Number of protein chains: 2
Amino acid sequence: MTPASEHEDAVPPATAVAQDPLPQAQTHGAPTPATPPAQQSPLKRRLRAMTSTEEIDSTINRPGSVKINVQGAFIVDPDTATPASGGSGAANGRIGGSLAKVVYFSREVDSTDPGGRLNFQNFETDRIDDCVEFMRHLRDNQLTLNGSQPGELCVMATGGGAYKFYDKIIEALGVDVLREDEMECLIIGLDFFITEIPREVFTYSEADPMQFVVPRDNIYPYLLVNIGSGVSFLKVTGPRSYQRVGGTSLGGGTLWGLLSIMTGARTFDEMLDLAGHGDNAKVDMLVGDIYGTDYGKIGLKSTTIASSFGKVFRMKREAESAAEDSPVPNDSESSFSGADISRSLLYAISNNIGQIAYLQSQIHNLSNIYFGGSFIRGHRQTINTLSYAIKFWSQGEKQAYFLRHEGYLGSVGAFLKRQPRNWGRRGSLEGMEEMAEARRNQREAEAAASTT
Amino acid sequence: MTPASEHEDAVPPATAVAQDPLPQAQTHGAPTPATPPAQQSPLKRRLRAMTSTEEIDSTINRPGSVKINVQGAFIVDPDTATPASGGSGAANGRIGGSLAKVVYFSREVDSTDPGGRLNFQNFETDRIDDCVEFMRHLRDNQLTLNGSQPGELCVMATGGGAYKFYDKIIEALGVDVLREDEMECLIIGLDFFITEIPREVFTYSEADPMQFVVPRDNIYPYLLVNIGSGVSFLKVTGPRSYQRVGGTSLGGGTLWGLLSIMTGARTFDEMLDLAGHGDNAKVDMLVGDIYGTDYGKIGLKSTTIASSFGKVFRMKREAESAAEDSPVPNDSESSFSGADISRSLLYAISNNIGQIAYLQSQIHNLSNIYFGGSFIRGHRQTINTLSYAIKFWSQGEKQAYFLRHEGYLGSVGAFLKRQPRNWGRRGSLEGMEEMAEARRNQREAEAAASTT
């Protein structure tokens with residue numbers, strides 16, 4: 001019986017082989033993967049956690065699937081991920097304002113391991129039909145490989161699209177769609193990543209660009225800042241204990257929307273590329289532009305941004321006046337580069353979120369701040385700006401954390417609310433030995449009965 | 001000797017006649033102006049404080065000059081203001097990132113009253129030469145009317161321009177320029193308006209659009225939110241006791257700058273007019289757009305803005321895709337109206353400032369929040385948004401206040417740091433009777449000596 005044809009409810013062998021998820025870390029002399037993180041020395045933990053800056057861009061844009069079994073879980077290099085057609089299990093989607101995210105579980109094709117892997121896929125919601133088609137494909141695979149009946153399958157859904165696209169999904173897939181509360185799913189998903197997945201959560205600073213944090217159990221209380229189209233701030237005090245303490249409408253949707261009006265960029269990545277080589281001082285009014293110097297008395301450096309886009313109005317008017325005086329028509333629009341505009345707006349939105357996050361964490365006495373959502377997308381300037389804002393305002397007393405699977409917190413949370421039995425997660429095999437023992441006893445009883 | 005030719009240092013008659021500054025209030029049966037506000041009944045105070053909504057637009061755009069004498073101070077209807085050429089005293093400027101504000105004192109031309117009035121004038125800083133020319137004109141008047149010597153005059157200056165334009169002003173006027181700390185001047189000016197000027201400070205709500213607050217002495221602690229090109233948050237605990245607790249670069253400069261790029265508007269007023277008839281739901285993603293309904297569990301109404309400009313990216317891409325498929329060229333830019341964009345951005349910036357103001361007031365345990373700076377400009381939507389944000393986030397526990405002279409806090413503060421002797425302000429005549437007595441005694445002594 002290969003795992004690929006194994007029915008989802010069947011009992012897998014409990015003697016799974018742990019695989020090494022950390023080839024990069026090994027080159028730094030990390031301990032053998034069999035050593036649980038909690039038993040490592042601080043130095044070794046640190047070595048294991050260090051990552052070169054080159055990896056940052058890819059860690060979020062291609063965060064990889066999560067391989068999971070009874071001995072632990074780890075992130076699999078994206079290039080080695082199981083193809084989507086290689087077997088599938090439950091599909092779970094978080095459908096936010098702009099992106100629909102699908103998380104699904106699949107068995108390993110050519111392995112006798114129990115467990116398998118969590119796969120992550122996203123779709124823009126204006127292509128929701130592609131997303132539904134993908135889920136139909138997962139459903140068909142599931143029916144073929146595992147022999148599930150349509151009535152046994154369901155889609156866990158959360159976010160606004162769980163309501164908006166509810167009828168569409170039911171009609172297309174013919175399976176139950178269970179809708180779960182978005183905020184609750186976010187924190188269930190985040191808790192999973194924080195407590196169980198190595199090389200998932202990281203801190204960032206200019207001096208020490210990407211430092212992975214070892215999974216830990218003692219995580220409460222914390223602030224979750226979920227940045228999608230808009231931003232929610234959640235105070236989390238226990239496994240399912242949370243409060244939405246605030247929100248701001250200045251989020252990813254604002255950045256993408258304004259930049260799509262003001263620059264020629266047509267994709268998120270084009271916009272981030274533009275921001276990468278722009279100079280915000282061309283459009284922002286700095287303290288030095290106002291004072292000609294620092295404003296030392298209140299601790300403002302001359303390079304501090306006093307007003308985002310604060311130079312634009314005057315410059316544009318001057319250009320227009322000049323054009324009126326000149327016989328040659330002049331397109332004053334062209335005096336601002338898309339790159340400078342993109343950099344400025346990225347700073348403005350990120351700084352603002354960072355500042356509100358700090359203020360909320362201060363009010364609610366929280367030291368750890370996690371940034372989730374699909375805003376960051378592995379963009380180093382964004383991570384750096386958010387991280388710096390927290391450090392600056394809190395004078396180093398609060399810590400910003402980032403996640404490779406930042407965009408999948410809600411969808412993983414929805415998945416975990418109805419995880420497949422014995423899918424390999426820590427604790428998911430509890431009771432399995434008793435079941436096996438009971439079956440053995442039953443078989444022996446039947447055999448004994450047939451010989452009498 | 002007319003006041004117009006009176007030397008600034010001369011002793012004015014102490015028997016000034018109080019004038020009625022409140023013609024509108026009288027139509028509501030307000031008490032006689034001779035009654036000090038503190039002695040009015042609550043009902044009468046309320047009647048006196050009420051104002052029709054029609055007045056709101058003009059109260060800040062044309063806030064009027066402040067007439068001041070030993071019995072009190074009041075705001076003079078702009079139409080009856082003394083012309084700038086009608087006599088002048090000390091000129092005091094606050095030169096911020098975008099506007100230079102001049103406050104100067106003038107005697108009444110045809111009056112024997114002591115005191116006089118404070119006049120308010122602003123210039124955009126890219127026309128700083130006009131501003132300097134205006135100050136030169138004030139200086140010349142002062143020399144002619146009061147016989148002051150150039151060495152006796154000075155300009156009090158604060159804000160960034162006090163540094164940036166320091167040499168220019170000294171060179172043009174040939175007088176001393178004394179630079180004062182900007183934040184300190186802001187609170188000195190605000191304290192003056194709060195404690196001494198009736199019909200200056202007001203609250204706002206949709207149900208009760210403009211409610212003036214009677215001047216009072218017990219004002220500390222409070223939060224000052226000064227919104228110019230950028231925004232500063234000051235915690236004020238006593239007359240010159242303050243701390244800049246935060247700031248955001250998303251201020252007036254951001255609104256004017258982004259709107260000048262995205263709309264055809266070329267002046268602040270055009271932009272506010274556009275915002276006045278725009279529909280932000282055309283560009284903003286509302287909670288209802290995501291959920292199709294309220295998100296009741298966390299108290300978000302379907303009309304709540306989830307993401308400012310959150311609809312733009314998708315709509316723009318759809319328009320571009322359609323244009324690519326269509327043989328007829330289509331300007332997708334035109335699908336967003338300047339009015340909708342202006343309304344959305346005005347809401348976004350105002351809401352954001354309101355939210356940060358609330359958070360700061362929460363952290364520092366402040367119940368009264370004053371909004372100053374030159375951002376509001378009498379625009380009702382802005383006032384309403386800021387006021388609503390404070391009420392919403394604080395659940396009605398904190399109060400937003402607005403000022404007719406919102407843009408002149410710093411310049412008035414600079415003026416007050418070196419106010420002309422005996423200019424009529426409460427307390428400014430202290431010691432005058434003793435001086436007059438001493439002069440009488442001296443004359444009598446001289447007369448007695450001459451007859452012996």
- Any chance you could check segment A:203-252 for residues losing 50 Å² or more of accessible area when the partner protein chains are in, compared with the chain on its own (1.4 Å probe)? A:Arg244, A:Ser249, A:Leu250
- Task: Within segment A:247-290, find all residues whose amide N lies under 17 Å from a label point positioned 7 Å from the Cα of B:Asp126 along Cα-to-beta-carbon.
- Result: A:282-286, A:289-290
- Note on the structure: segment B:226-253 scanned against label point 7 Å out from A:Ala281 along Cα→C-beta; backbone N under 19 Å for B:249
- Starting from the alpha-carbon convex hull of segment B:142-264, give the projected area averaged over all orientations, in nm². 12.2 nm²
- Query: With each pseudo-label sitting 7 Å past Cα toward Cβ, what's the B:Leu178-A:Asp140 distance in nm, one decimal?
  - Reply: 8.5 nm
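Compute the relative contact order of segment A:214-407 as a whole-number percentage, counting only Cα pairs closer than 8 Å that sit 6 or more residues apart in sequence. The partial results should precede the final answer.
On the way: 319 pairs, mean separation 46.8, N = 194.
About 24 percent, as a whole number.
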- Item | Local electrostatic count at A:Ser350 - Lys and Arg +1, Asp and Glu -1, tallied over other residues with Cβ under 13 Å | +3
- Note on the structure: Once phi for every residue in segment B:346-359 is put through the Karplus expression 6.51 cos²θ - 1.76 cosθ + 1.60 (θ = phi - 60°), the whole-Hz ³J(HN,Hα) values, with Gly and Pro written as x, are 4, 4, 4, 5, 5, 4, 5, 5, x, 5, 5, 4, 4, 4
- Query: What is the sum of charges around B:Ala339, taking Lys and Arg as +1, Asp and Glu as -1, for the other residues whose C-beta is under 11 Å from the C-beta of B:Ala339?
  - Reply: -2
- Item | Fully extended contour minus Cα-Cα distance, from A:Asn384 to A:Arg440, at 0.36 nm per residue | 14.4 nm
- Item | Rough spin-label spacing in nm, given labels placed 7 Å along Cα→Cβ, for B:Val245 and B:Phe392 | 2.1 nm
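Within 13 Å, Cβ to Cβ, of B:Ser307, how many net charges do the neighbouring residues add up to if Lys/Arg are +1 and Asp/Glu are -1? Don't jump to the answer; show the numbers that get you there.
Values: positive: B:Lys311, B:Arg314; negative: B:Asp284, B:Asp289.
That works out to 0.
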- Report the paramagnetic label zone for B:Ser302: residues of segment A:147-181 whose backbone N is under 18 Å from a point 7 Å from Cα along the Cα-to-Cβ axis. A:159-168
- Note on the structure: From the cross-link list B:Lys235/B:Lys417; B:Lys101/B:Lys398; B:Lys67/B:Lys417; B:Lys235/B:Lys301, the entries with a Cα-Cα span beyond 22 Å are B:Lys101/B:Lys398; B:Lys235/B:Lys301
- Message: At 1.4 Å probe size, with the rest of the protein present, what percent of the exposed accessible area of segment B:214-407 is carbon and sulfur atoms?
- Response: 47 percent
- Message: Tell me the total accessible area that B and A bury against each other, 1.4 angstrom probe, in square angstrom rounded to 100.
- Response: 5900 Å²
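The values are calculated or read from the model by the stated rules, or taken from the named source; none is laboratory data. Here the structure is a predicted model, which is why all the values come from computation and not from measurement. Ideal geometry is used to build each Cβ from the backbone, glycine not excepted, and the neighbour counts take in all protein chains shown. The accessibility values were calculated without ligands, DNA or RNA, using every heavy atom of the protein model including side chains. Shrake-Rupley method; radii C 1.70, N 1.55, O 1.52, S 1.80 Å.
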